[in-house]
Amino acid sequence: DPSLSSSTQNSVVPELPGFYYDSEKNRYFRLLPGHNNHNPLTKDSIQHKAMECKRLRLLEEEQKQKPKTTRAGLNSSVLLQKRQLGLLSSTSYCRLVHELKVNCMQRRKIEIHSPDSSVAGTNNFKIIVADVACERIFTVNDVEHGGCKYGIINLSGLGKESLTVEMYDNLYFTNRKVNSVCWASLTHPDSHVKLCLMGIAETPGCASLLPASLFSSTNPGDRPGMLCSFKISTAWSCAWCLNPQADNCFSTGLTRRVLVTNVVTGHRQTFGTSSDVLAQQFATQTPVLYNGCRSGEIFSIDVRQRSRKGQSWKATRLFHSSAVTSIHLMEAEHYLMAADMAGKIKLWDLRTTKCVKQYKGHHNEYAILPLHVNEEEGLLTAVGQDCYTRIWSLQDTHLLRTIPSPHPSSKDAIPSVVFSSRLGGSRGVPGLLMAVKQDLYHFSYN
């Protein structure tokens, strides 16, 4: 197993099935199957120990010096020289400058201020999602006694000197699990937040649309109530439509069906699917919805069609060999990026329905993990189930940086990230935001 300690591979000690060779003690130990608390030598514990050693080593290296670039001979003076000699186009130059910046990002902890100081930083972050302008992030936190709490963090305080942000969160929590979140533009850009809550026991699941103003500190007396809430069965994913031909519509990906709902009229369209829909995104140029399924299929629906019997409404169809966990439509809408539960990340050409690029190194086996694409900067970011944040070059699929988590890896400590060259709005600070456990970090990018 490649994740076991390298010392076993380097030495000439033969492998014995059911035994583990400890190079320090120079002897074999019997391995017991499964999670046996009394015998620390299970395969899982050995792998975990090896992973933790690797993480600590990487963290130490990052603190000692600036991480080196992964491309030989790439530094700022060489780049500038090549640009002045006309050897690099302006687009290539900008792309390589972004690569250099990614490799030099250094971690700093952010102070979270909350109107109710007793709750700041007591719950684990589960999801953070930035609005389009990157001025605010919507946060979902797991609460200790079950359920979730949510709020909005305003990033405008991310100044050059101090790293502090304001969090307005303490009024709203639910005893249910939040499965997915997206920003919605109903009255103005990113005016609302769309939440899908999982049903528990007698309580059914629901999709709620909340005004973002619920989470602001101004005039707490006149906050609008919840805008609308629809009872639904388990929703795995959701998306908001920005195309005027499907105005005020959102979709939810359910178990074996897709629901498209008009918030204002309440009108619903149902499309039956053969599998659970785990990822969704609307195109903006047309009222077309892309869906990624547990079966590995990705298909599009033109929502102007009436719901038909059968599945003749499926337009584009692509196939992964494993459950699709995230999809991202590129700006020109000719390409679609998709990630799956086998850790594969593929770029698909929607015109030829062929995979044109693959990004290697992502790690996933069962989690629904998002992709973050920044086309302007030419970067792709994804956090793996192994808790490492990886950044690739969109252009040539080169893995630029692997960032270890500041916390030991575990199922409930998978970081959630946001990357932008303008965090906090147009005059904000560029970089990567990472939420893990109860902490928020900023990786400065300048």
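Going by alpha carbons, how many degrees (0 to 90, nearest 10) lie between the helix axis of 90-104 and the longest principal axis of the chain?
60 degrees
Hey, which of these cross-link pairs are over 32 Å Cα-Cα: Lys194/Lys346; Lys82/Lys344; Lys54/Lys82?
Where the Cα-Cα span goes over 32 Å, the pairs concerned are Lys82/Lys344; Lys54/Lys82.
Could you tell me which residue out of Cys241, Val429, Ser229 lies farthest along the dipole of the chain toward its positive end? Charges go on the beta carbon: Lys and Arg +1, Asp and Glu -1, centred on the Cα centre.
Final value for the positive-end residue is Cys241.
Restricting to DSSP H runs of at least four residues, report the calculated mean residue ellipticity at 222 nm for the chain, -39500 (n - 2.57) per run over all residues, nearest 500 deg cm²/dmol.
Helix contribution divided over all residues of the chain: -3500 deg cm²/dmol.
Measuring from label point to label point, each 7 Å out along Cα→Cβ, what is the Phe19 to Asn262 span in nm?
7.3 nm
Taking 7 Å along the Cα-to-C-beta vector as the label spot, tell me the Asp349-Arg30 distance in nanometres, rounded to one decimal.
5.9 nm
Assuming R0 = 51 Å, can you tell me the calculated FRET efficiency for the pair Ser410 and Val12, based on Cβ-Cβ distance, to the nearest 0.05? Could the numbers behind the result be given before it?
On the way: r = 35 Å, r/R0 = 0.68.
Given R0 = 51 Å and the Cβ-Cβ separation, E is 0.90.
Per 0.36 nm of contour for each residue apart, how much would the distance between Ser213 and Gln106 grow if the chain were fully extended, relative to their Cα-Cα spacing? It would help to have the intermediate numbers written out before the result.
On the way: separation 107, 0.36 × 107 = 38.52 nm, distance 3.32 nm.
Between Ser213 and Gln106, full extension yields 35.2 nm more.
Rounded to a whole number, what % of the accessible area of the chain do carbon and sulfur atoms account for, probe 1.4 Å?
C and S fraction of accessible area: 51 percent.
Using 0.36 nm per residue, how much length does the chain from Arg422 to Ser274 gain when fully extended, once their Cα-Cα distance is taken away? Mind dumping the intermediate values first?
Details: separation 148, 0.36 × 148 = 53.28 nm, distance 4.05 nm.
Between Arg422 and Ser274, full extension yields 49.2 nm more.
Assuming 0.36 nm per residue, please report the length gained on full extension of the stretch Ser89 to Val356 beyond their Cα-Cα distance.
93.8 nm
How large is the accessible surface per residue of the chain, computed with a 1.4 Å probe and reported in Å² as a whole number?
Working: 21750 Å² over 446 residues.
Averaged over the residues of the chain, the accessible area is 49 Å².
Spin-label point model (7 Å from Cα, Cβ direction): what's the Asn248 to Ser156 distance in nm?
If labels sit at Asn248 and Ser156, their model points lie 2.9 nm apart.
Take the cross-link list Lys64/Lys357; Lys314/Lys354; Lys314/Lys360; Lys177/Lys437; Lys43/Lys64 and give me the ones stretching past 27 Å between alpha-carbons.
The answer is Lys64/Lys357; Lys314/Lys360; Lys43/Lys64.
The values are calculated or read from the model by the stated rules, or taken from the named source; none is laboratory data. From a predicted model like this one, the values you see are computed outputs, not experimental measurements. Glycine gets a Cβ as well: all are built from the backbone with ideal geometry, and neighbour counts include every protein chain shown. The accessibility values were calculated without ligands, DNA or RNA, using every heavy atom of the protein model including side chains. Shrake-Rupley method; radii C 1.70, N 1.55, O 1.52, S 1.80 Å.
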